[in-house]
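The values are calculated or read from the model by the stated rules, or taken from the named source; none is laboratory data. These figures come from a predicted structure and were not determined experimentally. When we count neighbours, we look across all protein chains shown, and the Cβ atoms used for this are built from the backbone with ideal geometry, even at glycine.
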Amino acid sequence: MRFIRNEIQKPKYIVPPEKRKTLPFIVLLIGVGILIVGVAGFFSAFFFNEMIEARWPIRYRDVQTYSLAVGGTGILLYIFMGLILKIPLRKTTYYKVTTIVKGEPFDPPRKGDFTKAIYARLYDLSDEWAYFTEVKPPDTDFVIPQVLVGPGGVFTTQPIAENPERKAFKDPGPEFERASKKLGNAIGQSVLPVTIFSNPKLVVMYKTHCKPKTRIMNIRDIYDFFNDHKRKYSEAVQKELEQKVYDLIAGTEPGK
């Protein structure tokens with residue numbers, strides 16, 4: 001299956017490949033290495049404090065102090081080189097640092113977003129299928145989480161991870177169903193909305209406490225559901241539909 005994103009959505013390198021061979025980046029990597037040494041020394045001193053004080057003429061607390069100084073030096077090197085390389089220092093996480101070190105595009109997970117989980121389930125669908133995210137049909141403020149366009153039709157998905165029995169639960173189903181209809185009007189084809197839950201128990205709860213207006217499915221069943229659909233569109237029609245859906249993407253940058 002093809003995962004199609006617009007220019008805003010595409011993951012980008014925090015440090016461009018051409019800057020990875022510069023002196024500031026090399027010093028930044030050294031800073032990360034020094035920080036790791038400092039952290040390792042701090043916790044090692046705690047776990048092996050008895051052995052340290054028995055064999056060395058130094059208290060383990062002093063070892064921890066020196067380790068903090070080493071780690072602080074690594075952090076300062078990272079900050080100074082990050083400013084030179086124009087790396088955003090806000091929201092610095094372990095994932096962000098490892099992405100920089102490994103030279104990978106920055107594509108962090110988003111809270112409450114199950115796009116990657118669904119894509120992982122549908123990854124083995126043929127490349128005749130296209131996968132879109134953050135699609136906003138005309139005349140609505142509702143952003144459809146995922147849209148699939150394939151030979152078997154056009155489908156929208158709304159993952160829900162909350163417990164439908166909770167009083168604070170707000171059912172997105174009705175608004176999701178209306179947005180899917182508006183998407184169908186915009187592209188000139190019928191659209192089947194599918195609400196997805198992580199386990200069968202939540203499916204039963206939702207059907208019991210809410211009034212489903214969409215197809216309800218467990219995430220384990222979605223691959224067979226899409227894969228078993230018979231061909232509905234020609235290749236030319238499908239390409240046209242993919243372009244129409246692409247033009248409706250209201251994407252946000254990775255990490256925002």
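Selection of segment 203-213 for residues being in contact with a strand residue (DSSP E or B) (Cβ under 7 Å, 6 or more places away or on another chain) and touching a residue at least 40 places away in the same chain (Cβ under 8 Å) yields only Y206. Does T133 meet the test of being within 30 Å of N6 (Cβ to Cβ), β-branched (V, I, T), touching a strand residue (DSSP E or B) at 6+ places or on another chain (Cβ under 6 Å) and in a helix (DSSP H, G or I)? Here the answer is no, as T133 does not meet what is asked.
Table: residues versus (1) among the aliphatic types (A, V, I, L, M); (2) outside the structural domain of E240 (by TED's automatic domain parsing); (3) closer than 20 Å to K136 by Cβ.
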site	(1), (2), (3)
E177	no, no, yes
K181	no, no, yes
G184	no, no, yes
I187	yes, no, yes
S190	no, no, yes
N199	no, no, no
V203	yes, no, no
T214	no, no, yes
I219	yes, no, no
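(1) acidic (D, E); (2) closer than 19 Å to P145 by Cα; (3) assigned by TED's automatic domain parsing to the domain that holds D124: which one isn't true of E253, the others all being true? So E253 meets the others, but not (3). The residues listed here are Q9, Q64; of these, the one that is part of a helix (DSSP H, G or I) and surrounded by 15 or more Cβ atoms within 10 Å (Cβ to Cβ) is Q64. Every test in (1) in contact (Cβ under 8 Å) with a residue 40 or more places away in the chain; (2) touching a strand residue (DSSP E or B) at 6+ places or on another chain (Cβ under 9 Å); (3) farther than 19 Å from T115 by Cβ is passed by Q158 save one, and that test is (3). Could you list all residues from segment 12-43 that are outside any loop (DSSP other than H, G, I, E, B) and more than 18 Å from G74 (Cα to Cα)? Of everything in segment 12-43, those that are outside any loop (DSSP other than H, G, I, E, B) and more than 18 Å from G74 (Cα to Cα) turn out to be K12, P17, E18, K19.
Please work out if P151 is out of contact with any Phe, Trp or Tyr (no Cβ under 8 Å at 6 or more places or on another chain), modelled with pLDDT under 95 and either loosely packed, with under 14 Cβ neighbours inside 10 Å or not assigned by TED's automatic domain parsing to the domain that holds V32 (or both). Against the criterion (out of contact with any Phe, Trp or Tyr (no Cβ under 8 Å at 6 or more places or on another chain), modelled with pLDDT under 95 and either loosely packed, with under 14 Cβ neighbours inside 10 Å or not assigned by TED's automatic domain parsing to the domain that holds V32 (or both)), P151 does not qualify. Among the criteria (1) farther than 29 Å from D107 by Cβ; (2) assigned to a helix (DSSP H, G or I); (3) within 26 Å of the chain's Cα centre (by Cα), the one L183 does not fulfil is (1).
Just the residues that are at pLDDT below 90, small (G, A, S) and over 27 Å from the mean Cα position of the chain (by Cα), please, taken from segment 202-253. Once the filter is applied, which keeps residues that are at pLDDT below 90, small (G, A, S) and over 27 Å from the mean Cα position of the chain (by Cα), segment 202-253 yields only S234.
Looking only at residues in segment 106-137 that are surrounded by fewer than 13 Cβ atoms within 10 Å (Cβ to Cβ) and over 11 Å from the mean Cα position of the chain (by Cα), which one is farthest from G153 (Cα to Cα)? This residue is A120. Residues in segment 173-188 that are farther than 27 Å from Q243 by Cβ and either of a type in the set (K, R) or surrounded by fewer than 18 Cβ atoms within 10 Å (Cβ to Cβ) (or both): P174 alone.
Kindly indicate whether L83 is part of a helix (DSSP H, G or I), surrounded by fewer than 16 Cβ atoms within 10 Å (Cβ to Cβ), of a type outside the set (S, T, Y) and touching a Leu at 6+ places or on another chain (Cβ under 9 Å).
So L83 passes the test.
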